[in-house]
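The values are calculated or read from the model by the stated rules, or taken from the named source; none is laboratory data. Please read these numbers as outputs of a predicted model, since none were measured by experiment. With ideal geometry, Cβ positions are generated from the backbone for all residues, glycine too; neighbour counts draw on all protein chains shown. We work out accessible area using only protein heavy atoms, side chains counted, and drop any ligands, DNA or RNA first. Shrake-Rupley method; radii C 1.70, N 1.55, O 1.52, S 1.80 Å.
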Amino acid sequence: MKRPDVRFMYVVPSLIGLTVVICVFLLMHQMFAFTHSYLSEEQYELREKVDDFVKIASPLIEHKQYDKVNKMLAKATVGISLFDENKKLLASNISPEDVYEEEIPFENSLIYHINVVNSKQVKESNLVDINGKQYYLKTYMPIEEMANLLNRTERNILITFLTGSVIVIYLSLYMFFKVRNPFMKLQESAVKISNGDFSNEIFVPSDGPLVQLSLAIYKMAEKLKSQIERLKKNEEFRKSFIEDISHEVKTPLTGILSSIGLLREFKDDYPPQVKKCFGILDNNANRLDNLIKQILSLANIEDLSLLKNKNFIKFDLKVGIENAIISCKNMLSESGMKLNLNLSDSVYIYGEIFLIEQAISNLIVNAVKYSKSPVLDITLEVKKGEAIISIKDYGVGLDKTHSEHIFERFYRADKARSRELGGTGLGLAIVKNIVILHSGTIRLDSAPGKGCAFCITLPTAVD
């Protein structure tokens with residue numbers, strides 16, 4: 001059995017997982033973009049304040065008035081340390097332990113945003129020239145509040161990602177244990193039921209979303225099982241009834257037909273009224289005999305269709321059609337209908353040649369009796385590994401209303417004419433059942449005044 005495609009069950013957790021990843025990626029991207037923009041702005045502001053300090057403090061530095069420089073730095077909102085060209089500290093508003101920290105070199109440095117956020121400061125070193133003499137500046141600006149906010153945001157994004165991951169894992173496990181596995185077992189049970197196997201117990205999970213569905217299928221299976229058992233009993237009764245009634249009717253009917261055969265020898269000696277009654281008796285007895293034969297034939301075909309091993313043999317379909325034509329030769333000659341044959345070379349199929357001959361004969365008889373066509377075309381061809389038999393007349397045809405029901409049992413398009421010609425309404429039903437028995441299809445193309453074309457399609461034998 002082909003395993004079902006249950007990938008759709010993972011669509012929801014997959015979409016949630018993908019959404020979480022995309023959201024986390026977008027949030028991280030936005031956070032880094034904001035951090036970059038914020039630090040760039042702070043760096044720009046730091047440089048502006050440092051430039052202002054250098055402009056104001058240059059005369060004091062030039063005249064080595066470092067005490068005044070320290071007083072000026074005490075009022076500054078940014079941290080500044082001034083060194084001479086020998087890297088000796090001259091003035092600073094930074095705590096002594098931070099003045100010589102190794103993180104900030106004396107040369108111009110590049111700011112790394114993550115490190116800046118972690119240290120909660122924007123730091124930079126600059127080399128400045130005052131009246132031809134070089135000095136080093138170490139500067140920093142505190143951004144503790146914003147750094148804390150960015151760190152919290154990063155932590156919240158991480159928590160969101162972990163929470164989403166846990167949800168996706170939970171949904172995947174839920175889908176696997178509560179949906180997928182019960183679904184697979186339930187489908188296996190449903191497939192067995194569809195194949196007519198009711199011996200398997202329907203799997204009903206203890207909990208989960210499939211409990212109600214499983215219970216519904218279980219109840220349906222129980223009802224189907226009881227109905228099938230009832231139908232089997234009815235079918236056995238039907239078969240027994242047909243056999244019994246056919247036997248009971250056939251026995252006296254055989255005696256009636258035998259007596260009619262004997263009386264037929266003295267037909268010319270009967271008075272006109274007796275001849276008329278004898279004709280009615282003869283006609284109806286033959287009709288009844290034909291009806292019983294048709295009913296038994298249809299019952300036998302239906303019984304054969306129920307068998308798994310039908311013991312079909314390989315035979316030439318062309319031979320079967322030719323045999324059917326030979327059996328109808330006298331009827332064709334009496335009707336004056338011209339027969340056009342277009343049969344391809346030997347076409348082999350698996351089946352029962354007698355039944356195929358019966359189906360073709362019934363269609364020919366049907367055309368002769370009811371079509372009023374001067375010509376009957378019978379063709380046989382093979383297309384795409386299928387044998388196609390076409391039996392087409394050019395007679396009165398049928399409208400769509402009759403075409404839809406023509407293969408039903410006891411259906412007659414023209415009831416009065418069917419009774420007149422001895423039709424039972426079972427001939428085309430037998431044809432359809434024979435075709436279905438051979439895994440084929442049959443259709444009728446017809447329109448009033450344009451005749452009827454019966455098309456039978458059968459699978460060819462594969463070597």
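Worth pointing out:
- Every test in (1) modelled with pLDDT of 80 or more; (2) outside any helix (DSSP H, G or I); (3) farther than 30 Å from Thr153 by Cβ is passed by Pro4 save one, and that test is (1).
- Contacts under 9 angstrom Cβ, first residue in the range 345-365 being free of Cβ contacts under 8 Å to residues at least 24 places away in the same chain, partner part of a helix (DSSP H, G or I) and open to solvent by less than 40 Å² (accessible area, probe 1.4 Å), 6 or more apart: Phe354/Gly320
- Selected residue (criterion: modelled with the lowest pLDDT) from residues of the range 181-223 that are open to solvent by 60 Å² or more (accessible area, probe 1.4 Å) and of a type in the set (A, V, I, L, M, F, W, C): Phe203
- The residues of the range 351-377 that are surrounded by fewer than 21 Cβ atoms within 10 Å (Cβ to Cβ) and assigned to a loop (DSSP other than H, G, I, E, B), listed by number, are Glu352, Lys372, Ser373, Pro374.
- Filter result (within 16 Å of Val347 (Cβ to Cβ), charged (D, E, K, R) and in a strand (DSSP E or B)) within the range 378-403: Glu381, Lys383, Glu386
- Pairs, first in contact (Cβ under 8 Å) with a residue 60 or more places away in the chain in the range 318-329, second open to solvent by 20 Å² or more (accessible area, probe 1.4 Å) and not in a helix (DSSP H, G or I), C-beta under 7 Å, six or more apart: Lys318/Leu343; Lys318/Ser346; Ile321/Leu343
- Candidates Lys275, Lys314, Lys310, Lys338: the one that is open to solvent by 70 Å² or more (accessible area, probe 1.4 Å), at pLDDT below 75 and among the basic types (Lys, Arg) is Lys275.
- Glu107 falls short of the stated requirement of being modelled with pLDDT under 80, over 15 Å from Lys87 (Cβ atoms) and not hydroxyl-bearing (Ser, Thr, Tyr).
- For Ser58, the criteria (1) over 46 Å from the mean Cα position of the chain (by Cα); (2) modelled with pLDDT under 75; (3) in a helix (DSSP H, G or I) hold in every case but one, which is (2).
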